[in-house]
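Following: one structure in C-alpha cells, then a few remarks.
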Amino acid sequence: MHYVVSRPRVGVFIDTQNLYHSARDLLERTVNFETLLRCATQDRELVHAIAYTVEREGEATARPFIYKLSALGYKVRRMNLTLHHVTDGGKAIYEGNWDMGIVADMVRLVDHLDVVVLGSGDGDFTDIVEVLQERGKRVEVISFREHTAQKLIDAADRFTHLPDIDQALMPARQPRPEKATDKSAEKAEKVEKV
C-alpha cells in the first residue's frame, strides 16, 4: 500500500521596503531575497511568492532590483510613491504603503494555502495574522526583531529573526580604495628616486 504525503502549500508575502530599511538602518546591509525565499519555502510547495515594492515615478534605479526579484521567482507588485503633503519648510513628504494590498492578496489566496509567510515587522499585520489562524492557517513571520512589533511576534505561529538565517544578508560592501591623485603619485615617485 502506498501513501501519498502532500507537502504544505505556502504563500510568501514580502514587504521589501520594510525589510530593506531595517537591514540598512540596523546593519548597513541588504537582504538576500533568494535565501529568504528558500528559507520560507523549505520542504513545502510554493504556491505564490509576492514581493511588494515602492518606487519614485520615472526612477530607473529600481529596475535591476525588480528584475532580480522576478528572476528569483517572486511576482513583483509595484507602486509609485505619491505626494502626501508638503511641510511648512517646503519639504515634500511622499508615501507608498502596501499594507492593504498585502492583506488583500492573503485573503484572495487563503483557500489555496496551508502556510503564510510574511516578511515584515509591521504590527498592522497582527489582525490578518489572527484571521488567517482562525481559518486554520499557520502564519510565520520573518523580519528583524528590533524592528518588529511585539504584538506581531506574539501572534505569529513562528517568528524568525532574519539575521539568524544563514546567508540571509548580502555581504557588506567594502569601501572603495581611494585613487591616488596625480600629485601624490608624483610625490611617491620622487621619494622612490631619492
- Note on the structure: Scanning region 68-84 for residues that are at pLDDT below 95 and either touching a Gly at 6+ places or on another chain (Cβ under 6 Å) or aliphatic (A, V, I, L, M) (or both) gives M79, L81, L83
- Query: In region 2-35, how many are open to solvent by 90 Å² or more (accessible area, probe 1.4 Å) and among the aliphatic types (A, V, I, L, M)?
  - Reply: 2
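The values are calculated or read from the model by the stated rules, or taken from the named source; none is laboratory data. None of these values were measured; they are calculated from a predicted model. Glycine gets a Cβ as well: all are built from the backbone with ideal geometry, and neighbour counts include every protein chain shown. Heavy atoms of the whole protein, side chains included, go into the accessibility calculation; ligands, DNA and RNA do not. Shrake-Rupley method; radii C 1.70, N 1.55, O 1.52, S 1.80 Å.
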